[in-house]
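Here the structure comes first, spelled out in structure tokens, and everything after it is commentary.
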Amino acid sequence: MSIPSKFEAAKVEKNWYDYWLKHNYFSSTPDERPAYSIVIPPPNVTGILHMGHMLNNSLQDILIRRARMKGFNACWVPGTDHASIATEAKVVARLKEQGIDKNDLTREEFLTHAWEWTHEYGGVILQQLQKLGCSCDWDRTKFTLDPEMSASVIKVFVDLFNKGLIYRGYRMVNWDPEAQTTLSDEEVIYEERNGFLYHIQYAIEGSDEKLVIATTRPETLLGDTAICIHPEDERYQHLKGKNAIVPIVNRTIPIIQDDYVDVEFGTGCLKVTPAHDINDKALGEKHDLEIVDIFNPDGTVNANGLHYEGQDRFSVRKAIEKELDALGVLAKKEPHKNKVGTSERTKAVIEPRLSDQWFLRMEKLAQPAIDAVLNSGEIALVPEKFKNTYRHWMENIRDWNISRQLWWGQQIPAYYYGAGKNDFVVAETAEEALELAKQKTKNTTLTVEDLCQDPDVLDTWFSSWLWPISVFDGIRDPENKEIQYYYPTQDLVTGPDILFFWVARMIISGYEYRQAPPFSKVYLTGLVRDKQGRKMSKQLGNSPDALKLIEDYGADAVRVGLMLSSAAGNDLLFDESLCQQGKNFANKIWNAYRLIDGWDVDASLEQSQANKDAVAWYTAKFQATLELVEDHFSKYRISDALMSLYKLVWDDFCSWFLETVKPAYGEKIDAATRNSIQVLFENNLKLLHPFMPFLTEELWHQMAERSVEEALLVSSWPTLADYDKAFIEDFGFATEIVAGIRNFRKEKNIPFKEQLHLIALTDKNLPCKEVIVKMGQLSEISTQVATPDEIGGTFRVGSTEFFIPLANQIDPEAERIKLEEELKYNQGFLASVQKKLSNERFVENAPEKVIAMERKKEADTLEKIKMIERSLATL
């Protein structure tokens, strides 16, 4: 089969992906082989492929393809996340475009629209991952709202409730006014922003005295129910037991004392707004203060805000500033930096809000997960530096707010049968809830219609924390064959930004429901940044179209480009030139085989010693690189593994091996060498396949007719064998001599076609002489100890000096002038080095390595000067 002149990535990619799918190479079912399983971090169902996905999924595909070739029963489970907040926001926005308000719909009507949206846009990202070459078991694709997945989530909720770990509480929560739902503490991002500190005067009841209070949020004075002073602050001792009057609302509030107050901040007085600050709420409970909530769920002011009712909270802040100023009670306004909590999803400023919510007690649940990562080492984080982040989060863990005021998601299985706060039961189905309600109330006349299910849904993370178990149906059927075989999974590849959101919680659920870790290693990738180090975002316009990159460069090239600069845990500075580098590498491999394929074989030819040496060297070099690659994989240095292969193929295979065995123009190659090349090139393809699946599969089939069972995807990974390290060094020495000859030709302007005589000034035998003769275009090599007394030039490799006679090749006078200039330069360089070494202060203070480097410069230059002087003497 004649190999095409160019590697057409798009054509090859479609052909081989269709072939892989057709023959079910990605499918996995339990058998006698050891399992190697990975679960994909499920992207948002309506998401599209971006650079972070490309990096993360390329890494997973590399690991799964290598495992498949190493004989494991490789199972990579794909899927998507229903992403409650993000998806509901998109559906609400779409309805708005159609003139429909969510509030005018029933829950069922809204969910119909949400499912329509999901079916229309959902799963696109999984199709895009196929273009990248991802070898997932697509028959296993899961969605976190699939019926069986939701059933697992509900079952876990009921179980944890029955264990006393889930409870309902009236708490201060993080409220997202845009999504109109609560968020967990981990979903709040704190940003430092420039704001103001407002100094406001509060009148003291029954006197002309004014008390100045500093606040960053003047609008919340509408909900003030006390002023707090420190009991030991002498400035305010006379105010004990008195009342103050809140400006604008004219509400009389008590002045209380508590050592919570920071006497150094502002004026040392604190306005207390229990409904809108978690610390103020604690003070309110301690001192039995009134709670005045001034905000609607959407962040506008409610009726408690008087004439500001219906206005946005930030507009009210500006308006109140003006009103306070007009009343003469705004004492001062000064710039002030403070940390503001924002929603990770919508970027809206978070509003602390009192609300009835569902919580999961975390302290006890977290302990096995802490031990697994920080003590026993049952789970390894790569790189280890993330252990400190993990430790901080886990040892300061707070109860998890798991309820969300949304409709898209798993509805909380709590059923209310009365008006009382505790008039509810928790069950997996309404029918089971009815039986429990009858038992609890002793009212046998209750019907399902008498029950009202909690309208809230569960936090999306409450479904995805079960992902490694639920994808194998291990919650509903804990003893099933699949969960027993595939769990625990081996590796998890994800970003450090969800180390707590997802990774830690999966570990917690793994120990709670399987008494085993969900995975043994967590490979944490860095962020993909642009070449200026900026985080990629739509706003900056610096995030390339992932699919366009594949279209322009090919999937293999993009994968290589990402991997070449992707050390674990370190941010990747992405530049499109990396993809070009990957494309160049693909072309290099393609053209290497085209070159080989063009050689005619002569079965009668004997294998030359040069070819024997080249085959023996590359066989050993391949094994040395395989050993290095295996070590890199064991330490999750995937980028380093690829770089080792890049150098092996580009430098060793193409630049030295093929050049050495290449037959002269018009001549043929011997059969033994050609057969060895076939084996060695096939081994190259095997090591490259996880990184460049399409190119390697194409070349694999170009090289020979292969059956379905013989596809590269399911071929055997090369095995480590003993190799001759000394011969690698010998051949390396020979290549250095060849490089010295080539540099010599360049310096003396001697064409390559002109043969030279090389004299090694040594009494030792040179290794791989035939290779040196062929690659150096020599007439002969000889050895002698003394420098010949004739016109010529020298060069050095290590401690060995080489001489090349040049009587007929150079102009003696021109060579003399050139050598004298070179001598003058080296003498000047030597003087500068020796001056530095004669400086006592330098020698005393410089590091040993620096001094050793300078001494080596001195020795090398002295040797070079001797060589130049000898060459001048022969002239």
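The values are calculated or read from the model by the stated rules, or taken from the named source; none is laboratory data. None of these values were measured; they are calculated from a predicted model. Note that each Cβ is placed from the backbone with ideal geometry, even for glycine, and that neighbours are counted across all protein chains shown. Side chains included, ligands, DNA and RNA excluded: accessible areas come from the protein's heavy atoms. Shrake-Rupley method; radii C 1.70, N 1.55, O 1.52, S 1.80 Å.
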When only Cα pairs under 8 Å and 6 or more residues apart are kept, what is the percent relative contact order across region 95-212? 7
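For the chain, which whole percent of the accessible surface, found with a 1.4 angstrom probe, sits on carbon and sulfur atoms?
Working: 19340 of 40010 Å².
Accessible surface attributable to carbon and sulfur in the chain totals 48 percent.
Take every Cα pair under 8 Å in region 664-805 that's 6+ residues apart, average their separations, divide by the length, and report that relative contact order as a whole percent.
Reported relative contact order: 19 percent.
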Quick one: Cα centre-to-centre distance for region 114-156 and region 327-384, in angstrom? 29
Show which lysines lie in cross-link reach of Lys240 when reach means a straight Cα distance below 26 angstrom and same-chain residues fewer than eight apart are skipped. Lys210, Lys271, Lys281, Lys286, Lys332
Among Ala303, Leu360, Ala437, which residue has its Cα furthest toward the positive end of the charge dipole of region 297-456, with +1 on Lys/Arg Cβ and -1 on Asp/Glu Cβ? Ala303
I need the shape label for region 491-648. Rule: rounded when a/c is under 1.5, else prolate if a/b > b/c, else oblate, with a, b, c from the alpha carbon gyration tensor. oblate
Quick check: from the Cα gyration tensor, does region 300-369 come out rounded (a/c under 1.5), prolate or oblate? prolate
At what distance in nm do the modelled label points of Ala282 and Gln532 sit from each other, each positioned 7 Å from its Cα along Cα→Cβ? 4.3
Quick check on the chain: helices-only [θ] at 222 nm, where DSSP H runs of length 4 and up contribute -39,500 (n - 2.57) each and the sum goes over total residues. Nearest 500, please. -13000 deg cm²/dmol
Whole-angstrom gap from region 545-565 to region 650-709, using each part's C-alpha centre: 24
Per-residue counts of other Cβ atoms within 10 Å, averaged by peptide: what ranking do you get for 658-665, 197-204, 829-836, highest first? 197-204, 658-665, 829-836
In nanometres, what is the gap between the two model label sites at Lys662 and Glu813, each 7 Å from Cα along Cα-to-Cβ? 4.0
Grab the beta carbon distance between Asp651 and Asp763, set R0 = 35 Å, and tell me the FRET efficiency rounded to 0.05. 0.65
Tell me the label-point distance for the pair Ser716, Asp139, using the 7 Å Cα-to-Cβ offset, in nm and rounded to one decimal. 2.7
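Given the chain, what percent of its DSSP beta bridges are antiparallel, to the nearest 5?
About 70 percent, rounded to the nearest 5.
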Over region 462-601, what is the percentage of antiparallel beta bridges among all DSSP beta bridges, to the nearest 5? 10
Over 29 Å (Cα to Cα) among Lys11/Lys774; Lys662/Lys746; Lys746/Lys849; Lys131/Lys481; Lys647/Lys769; Lys22/Lys647 -> Lys11/Lys774; Lys746/Lys849; Lys131/Lys481; Lys22/Lys647
Pairwise FRET efficiency - Val708 versus Gln311, Cβ, R0 = 56 Å, nearest 0.05: 0.20
Can you tell me which aspartates and glutamates have their Cα less than 15 Å from the Cα of Lys835? Leave out same-chain residues fewer than eight positions away. Glu844, Glu854, Glu858
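How far, in nm, would the chain grow between Leu573 and Lys242 when pulled straight, counting 0.36 nm per residue and subtracting the alpha carbon separation?
Here the segment from Leu573 to Lys242 would lengthen by 113.0 nm.
Calculate the FRET efficiency for Glu790 and Asn587 from the Cβ-Cβ distance with a Förster distance of 35 Å, rounded to the nearest 0.05.
With R0 = 35 Å, the Cβ-Cβ based efficiency is 0.15.
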Please report how far the C-alpha centroid of region 434-481 lies from that of region 391-429, rounded to the nearest whole angstrom. 11
Given a 1.4 Å probe, the accessible area of the chain per residue, as a whole number of Å², is 46
What is the chain's relative contact order, in percent, from Cα pairs under 8 angstrom and six or more apart in sequence? 12
Straight-line reach from Lys337: which aspartates and glutamates have Cα under 19 Å away, leaving out those fewer than 8 places along the same chain? Glu191, Glu192, Glu219, Asp262, Glu264, Asp277, Glu321, Glu351
